[in-house]
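Colleague: Sharing a structure here in structure tokens format.
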Amino acid sequence: MMKVGLVDVDGHNFPNLALMKISAWHKADGDVVEWANSLEYYDVVYMAKVFTFTPDDLQAYQTDTLIQGGTGYNIALTLPEHIEHVYPDYELYGVEDTAYGYLTRGCPRQCPFCIVAQKEGVQSVKVANLIEFWQGQKKIKLLDPNILACSNWQELLKQIADSGAEVDFTQGLDARLLTNEKVEAIQACKYKILHFAWDNANDDFTPKVLAKYAGKWGLRQDKLKVYVLTNYNSTHAQDLYRIYKLREIGYDPFVMIYDKYNAPVKTRHLQRWCNNKIIFNSEPDFANYNPKRGVRP
């Protein structure tokens with residue numbers, strides 16, 4: 001029997017799926033698994049870091065085997081197959097009514113600001129069935145980068161719909177791939193909010209498709225979120241245009257800043273104005289927004 005220590009370097013705000021699978025595999029083998037304490041000795045310590053900007057955990061853990069994984073450490077390192085397909089240990093994070101997982105991996109878009117294509121491949125492929133990580137939970141957090149680009153999209157969306165669980169497509173749905181058939185398949189699922197993205201300021205196709213299907217979802221505008229990437233190959237005028245256009249066609253823009261710490265002050269003010277919906281709704285024109293006003297929700 002081994003003593004296993006786990007470290008979620010990013011923190012515990014969002015469950016780390018890899019650590020939950022590692023925990024489940026070791027527990028099934030009879031090992032003792034716990035969050036690592038620097039005062040204890042462990043046969044093996046797993047440190048997981050998703051984000052490259054997350055500061056490293058500098059504690060010295062007592063172990064002969066230290067394994068560091070996740071995009072924040074090594075983009076090429078993946079879980080072994082015998083662990084990848086283990087049902088996650090949701091108790092590790094105290095998760096009760098929500099399931100987390102991937103049905104597909106990879107994305108054909110190859111956006112220069114995104115590492116998915118480099119890490120998972122340029123084709124969206126099915127990697128699991130829903131039952132692999134869902135067993136009756138009321139909610140599903142789907143982590144797929146581009147499920148609509150997968151040739152099995154119909155089968156997989158039907159699995160979600162048949163589950164009756166409320167799904168959150170956390171990484172967003174690719175609006176450019178929407179068709180009447182795909183919209184109907186999404187509508188068959190249970191959801192409270194839908195996420196899309198308009199990242200490329202020179203893309204004039206995304207707003208046309210979003211406008212076409214704006215009235216199909218049966219949701220209020222504030223439940224139709226569209227990520228707007230700023231500070232990456234766009235001007236302030238282009239950022240404003242996308243925000244105003246999305247609001248016009250019935251969607252709620254949500255500003256994402258690339259390299260926020262080095263972004264212009266105006267872009268950071270734009271994010272606060274747009275993403276704070278009390279401010280955004282009370283002052284719909286950014287030109288009239290006073291960042292010193294200190295409005296709080």
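Colleague: Considering only residues that are under 30 Å from residue 261 (Cα atoms) and either open to solvent by less than 20 Å² (accessible area, probe 1.4 Å) or touching a Leu at 6+ places or on another chain (Cβ under 6 Å) (or both), which ones fall in region 28-53?
Modeller: Of the residues in region 28-53, the ones under 30 Å from residue 261 (Cα atoms) are 46-53.
Of everything in region 28-53, those that are under 30 Å from residue 261 (Cα atoms) and either open to solvent by less than 20 Å² (accessible area, probe 1.4 Å) or touching a Leu at 6+ places or on another chain (Cβ under 6 Å) (or both) turn out to be 46, 47, 48, 49.
Colleague: Would it be correct to say that residue 78 is within 22 Å of residue 133 (Cβ to Cβ), in a loop (DSSP other than H, G, I, E, B) and either touching a Leu at 6+ places or on another chain (Cβ under 6 Å) or at pLDDT below 95 (or both)?
Modeller: Working: within 22 Å of residue 133 (Cβ to Cβ): yes; in a loop (DSSP other than H, G, I, E, B): yes; either touching a Leu at 6+ places or on another chain (Cβ under 6 Å) or at pLDDT below 95 (or both): yes.
Judged against the criteria, residue 78 is a match.
Colleague: Moving on. Looking at 197, 117, which one is within 22 Å of residue 51 (Cα to Cα), surrounded by 16 or more Cβ atoms within 10 Å (Cβ to Cβ), modelled with pLDDT under 95 and not acidic (Asp, Glu)? Outline the logic, then answer.
Modeller: Values: 197 fails: modelled with pLDDT under 95.
On inspection, the qualifying residue turns out to be 117.
Colleague: For residue 124, work out the one condition from (1) open to solvent by 20 Å² or more (accessible area, probe 1.4 Å); (2) within 26 Å of residue 233 (Cα to Cα); (3) in contact (Cβ under 8 Å) with a residue 24 or more places away in the chain; (4) of a type in the set (S, T, N, Q) it doesn't fulfil.
Modeller: (1)
Colleague: Cβ-Cβ below 7 Å, separation at least six or inter-chain, first residue in region 268-297 and closer than 16 Å to residue 221 by Cβ and surrounded by fewer than 17 Cβ atoms within 10 Å (Cβ to Cβ), second modelled with pLDDT of 90 or more and not basic (Lys, Arg): which pairs?
Modeller: So the pair list comes out as 275/254; 275/255; 277/222.
Colleague: Looking at 161, 201, 188, 197 in this structure, which one is of a type in the set (A, V, I, L, M, F, W, C), over 28 Å from residue 15 (Cα atoms) and free of Cβ contacts under 8 Å to residues at least 60 places away in the same chain? Quick ask: steps written out before the conclusion?
Modeller: Values: 161 fails: over 28 Å from residue 15 (Cα atoms); 188 fails: over 28 Å from residue 15 (Cα atoms); 197 fails: over 28 Å from residue 15 (Cα atoms).
Of 161, 201, 188, 197, the one residue that is of a type in the set (A, V, I, L, M, F, W, C), over 28 Å from residue 15 (Cα atoms) and free of Cβ contacts under 8 Å to residues at least 60 places away in the same chain is 201.
Colleague: On to the next question. List pairs: first in region 60-82 and touching a residue at least 12 places away in the same chain (Cβ under 8 Å) and of a type outside the set (Lys, Arg), second open to solvent by less than 40 Å² (accessible area, probe 1.4 Å) and assigned to a loop (DSSP other than H, G, I, E, B), Cβ under 6 Å, 6+ apart or cross-chain?
Modeller: From region 60-82, the pairs are 61/36; 61/38; 70/49; 72/49; 72/54; 73/49.
Colleague: Another question, if that's okay. Looking only at residues in region 90-114 that are open to solvent by less than 50 Å² (accessible area, probe 1.4 Å) and among the polar types (S, T, N, Q), which one is farthest from the chain's Cα centre (by Cα)?
Modeller: 98
Colleague: Within region 12-27, can one find any residue that is of a type outside the set (A, V, I, L, M), farther than 21 Å from residue 132 by Cβ and either buried (at least 21 other Cβ atoms within 10 Å of the Cβ) or without any contact (Cβ under 8 Å) to a residue 60 or more places away in the chain (or both)?
Modeller: Keep residues of region 12-27 that are of a type outside the set (A, V, I, L, M), which gives 12-16, 21, 23, 25-27.
From the residues that got through so far, the ones that are farther than 21 Å from residue 132 by Cβ too are 12-13.
Narrowing the set further to residues that are either buried (at least 21 other Cβ atoms within 10 Å of the Cβ) or without any contact (Cβ under 8 Å) to a residue 60 or more places away in the chain (or both) leaves 13.
Yes, some residue in region 12-27 is of a type outside the set (A, V, I, L, M), farther than 21 Å from residue 132 by Cβ and either buried (at least 21 other Cβ atoms within 10 Å of the Cβ) or without any contact (Cβ under 8 Å) to a residue 60 or more places away in the chain (or both).
Colleague: Look through region 9-39, keep the residues that are under 19 Å from residue 80 (Cα atoms) and charged (D, E, K, R), and return whichever of them is nearest to the chain's Cα centre (by Cα).
Modeller: Ranking the qualifying residues of region 9-39, first place goes to 21.
Colleague: Could you grab me the full set of residues in region 209-220 that are open to solvent by 50 Å² or more (accessible area, probe 1.4 Å) and either part of a loop (DSSP other than H, G, I, E, B) or within 25 Å of residue 231 (Cβ to Cβ) (or both)?
Modeller: Within region 209-220, 215, 216, 218, 220 qualify.
Colleague: Just give me the residues in region 68-83 being surrounded by fewer than 16 Cβ atoms within 10 Å (Cβ to Cβ) and not hydrophobic (A, V, I, L, M, F, W, C), in sequence order.
Modeller: Those that are surrounded by fewer than 16 Cβ atoms within 10 Å (Cβ to Cβ) and not hydrophobic (A, V, I, L, M, F, W, C): 74, 78, 80, 81, 82.
The values are calculated or read from the model by the stated rules, or taken from the named source; none is laboratory data. In this text the structure is predicted, and so the values were computed from the model without any measurement. Note that we place each Cβ from the backbone using ideal geometry, even for glycine, and neighbour counts take in every protein chain shown. Surface areas here come from the heavy atoms of the whole protein model, side chains and all, with no ligands, DNA or RNA. Shrake-Rupley method; radii C 1.70, N 1.55, O 1.52, S 1.80 Å.
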